[in-house]
1. For the range 11-26, just list the computed ³J(HN,Hα) in residue order, Karplus coefficients 6.51, -1.76 and 1.60, θ = phi - 60°, integers in Hz, with x standing in for Gly and Pro.
2. Roughly how compact is the chain, stated as its Cα Rg over 2.2 N^0.38 Å to two decimals?
3. What is the Cα centroid distance between the range 333-371 and the range 238-280, reported in whole angstrom?
4. With label points built 7 Å along Cα→Cβ from the Cα atoms of Asn451 and Arg34, find their separation and express it in nm.
5. Please list, in chain and number order, the residues 5+ apart from Gly188 or on another chain whose amide H is under 5 Å from its amide H, with Hs placed from the backbone.
6. What lysines could a cross-link reach from Lys339, if we take a straight Cα to Cα line under 17 Å and drop same-chain neighbours fewer than 8 places away?
7. Check cross-link reach from Lys658 to the lysines: straight Cα distance under 27 Å, and skip same-chain residues fewer than eight apart.
8. How do Arg241, Arg42 line up, fewest other C-beta atoms within 10 Å first?
Amino acid sequence: MTNPLLTDDLLPAFGQIRTEHMEPAIDQILSDNRAQIEQLARQDAPTWDTLAQPMQALDDRLNSAWSVISHLNGVMNNDELRDVYKRCLEKLTQYSTEVSQNAELCAAYKALAERDDFSELSEPQRKSVSNTLRDFHLGGVDLPPEQKKQYAELTRELAELSSKFSDNVLDATQHWFRQVTDVSELAGLPESALEGARHVAEQRSLEGYVITLDFPSFYPVMTYCDNRELRREVYEAFVTRASDKGPDAGQWDNSDVMANILQRRHALARLLGFASYAERSLATKMARNVDDVMHFLTELAAKSKPVAEQEISELHAFVKETYGVDELEAWDIGYYSEKLRQQRYDISPETLRPWFPVDKVVPGLFAVAEKLFGIQIEATPEVATWQADAKAYRIRRNGQTIAWFYLDLFARQGKRGGAWMADCKVRWRNLDGHLQLPVAFLTCNFTPPVNGKPSLLTHDEVTTLFHEFGHGLHHMLTQVEVADVSGINGVAWDAVELPSQFLENWCWHEESLALIAAHHETGEPLPEDLLNKLLAAKNFQSGMQMVRQLEFSLFDFRLHAEYNPDAPANPLEVHRQVRDEIAVIRAPEFNRFPNSFSHIFAGGYAAGYYSYKWAEVLAADAFSLFEEHGIFDPETGHSFLANILEKGGSQEPMELFKAFRGREPEVDALLRQSGITDHAA
């Protein structure tokens with residue numbers, strides 16, 4: 001029987017893929033690739049068609065199998081799959097290092113770049129070769145043999161450690177729960193949260209209600225629960241995950257894992273001639289150097305902190321006057337902030353939930369994308385998925401299919417927390433002239449429908465969905481036919497968040513809200529008074545939110561930029577220093593936020609978390625053109641499509657931005673959009 005992971009089909013055969021298919025498929029592909037690379041590297045006078053194009057075919061076959069395995073590990077995690085994933089990851093890491101350190105292959109690419117007719121290649125082809133040569137250098141191809149071995153060992157260990165970090169966070173998150181049998185303990189929780197807690201209890205065959213550390217359960221407790229002691233208990237369990245503190249102290253402790261990751265990243269960077277891992281990280285980003293990033297972050301912090309201080313002062317005054325509480329603890333901030341928001345604007349996320357049923361929001365999101373970019377999106381229920389809740393969709397333009405995507409919206413056991421977009425297949429044209437269409441995975445963790453009641457989203461969750469779909473559009477609407485720079489491939493990491501943060505803007509305007517909001521029972525549109533309250537409350541505590549994100553960004557960047565191998569700083573200490581400088585909320589001593597900061601220890605954001613803010617500047621400035629011309633202006637929408645989404649990584653992001661906006665980005669739009677300029681004034 002054919003291994004379903006080794007077929008040429010565009011869409012994975014999820015109905016047939018089993019865990020036992022995974023490792024044999026990876027083994028087969030790696031074996032085939034090694035044999036073919038040996039031939040490709042030894043040719044005389046390599047051309048695009050004899051070297052780069054065949055290499056892309058090898059990469060694509062490997063990516064097509066691995067993307068499915070990696071995705072299933074994230075959304076259907078179990079012990080058997082986890083073990084297979086780890087073994088495959090180790091083999092892939094070794095293979096990747098082999099390729100990046102293959103001097104013969106690098107020499108072949110150099111020969112291709114030095115050809116007299118190289119300039120006749122298309123811009124995406126030339127960019128692909130340029131990126132490949134850069135990545136050979138970053139992969140250690142220039143190192144002497146002994147250091148190459150060191151590099152390979154460090155890379156292998158880092159892949160293992162990152163996977164371990166992620167597993168520890170998942171296990172710590174899913175292990176802890178709190179059963180509540182007396183509903184009075186949950187006073188203040190909205191009905192949607194109580195329903196969810198009841199549903200989790202039923203799933204676990206327990207009486208009453210169950211609170212977990214999954215965000216749809218954790219967040220309502222921190223925001224609405226009147227029971228201060230329960231808030232403290234849930235907060236402590238959440239911020240001590242995978243650490244030496246809290247209810248599971250030491251069981252999945254990431255302290256040593258973090259130390260080992262930082263030590264190896266620094267050693268890797270030094271091998272390549274960089275002063276720090278932060279410097280190494282910037283080799284593939286828009287930001288030019290460490291000083292530029294630090295200046296960017298500290299300048300934003302200087303402008304935001306006075307606003308945040310004013311906001312926290314207002315909160316303290318409100319709580320003292322209204323509730324007689326003198327001291328606010330970390331587990332009180334969300335709760336009393338919500339009380340202040342309700343008093344000031346007469347609105348809360350729960351007030352809005354009934355107007356954002358998933359069955360309205362998703363088609364509304366599609367309608368926004370269709371109006372902006374001239375596409376059509378349709379469900380394809382006949383396509384097999386990995387789980388009943390996951391759905392497949394097709395994107396058409398002028399009647400012709402141009403992309404596919406999968407949408408997996410709801411939280412469940414065995415699914416990694418958070419929201420993300422990942423590529424399943426990349427758009428590219430092979431030597432035979434066949435055009436492979438792009439396919440994306442879009443994943444969220446919303447509260448599922450319970451007992452026949454629809455899933456109702458908060459406005460924040462709607463924004464999250466738009467964010468991930470923005471990433472998806474970047475991947476799926478590309479017109480590039482060179483895999484290495486198609487869609488999100490080859491896009492500088494600090495520019496890759498531009499389309500995602502850009503699309504969030506359509507969650508905040510009357511014209512677009514009309515498409516995504518309707519009462520789940522009556523179908524009525526969002527009433528004007530609620531719309532006005534939503535817009536009025538948009539920048540509530542925006543200064544506090546800004547400094548919180550800057551805290552994470554500065555912590556990450558300083559951790560990597562200032563690392564000293566002779567006296568490695570404890571990540572907790574670096575985090576405390578950063579908090580002391582810019583945070584306005586005091587964290588308790590037991591807080592172990594770094595231990596579950598998966599973005600930088602298990603994701604791609606190491607020395608790159610600043611990218612969210614960097615790209616937010618680009619997104620706000622890009623959207624300001626729509627504010628000038630109309631949020632569904634066809635000409636502006638087409639310009640964003642043609643200059644940003646369709647170009648993928650085929651040109652430098654600054655050039656693409658300037659082609660769209662007519663100038664370099666300016667920070668003013670972000671400060672204005674966040675209300676910080678107005679507030680500060």
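We did not get these values from a lab; they are worked out from the coordinates using the rules stated. The model shown is predicted, which means the values in this text are computed figures rather than measured ones. Because the Cβ atoms are built from the backbone with ideal geometry, glycine has one as well, and the counts that use them run over all protein chains shown.
1. 9, x, 8, 4, x, 10, 6, 10, 4, 5, 7, 6, 5, x, 5, 5
2. Working: Rg = 25.1 Å, N = 681, 2.2 N^0.38 = 26.2 Å.
Dividing the Cα radius of gyration by 2.2 N^0.38 Å gives 0.95.
3. 36 Å
4. Those two pseudo-labels are separated by 5.7 nm.
5. For Gly188, the qualifying residues are Asp226.
6. Lys320, Lys533, Lys538
7. Lys127, Lys285, Lys303, Lys371, Lys613, Lys647
8. Working: Arg241 25, Arg42 12.
Starting with the residue having the fewest Cβ neighbours, the order is Arg42, Arg241.
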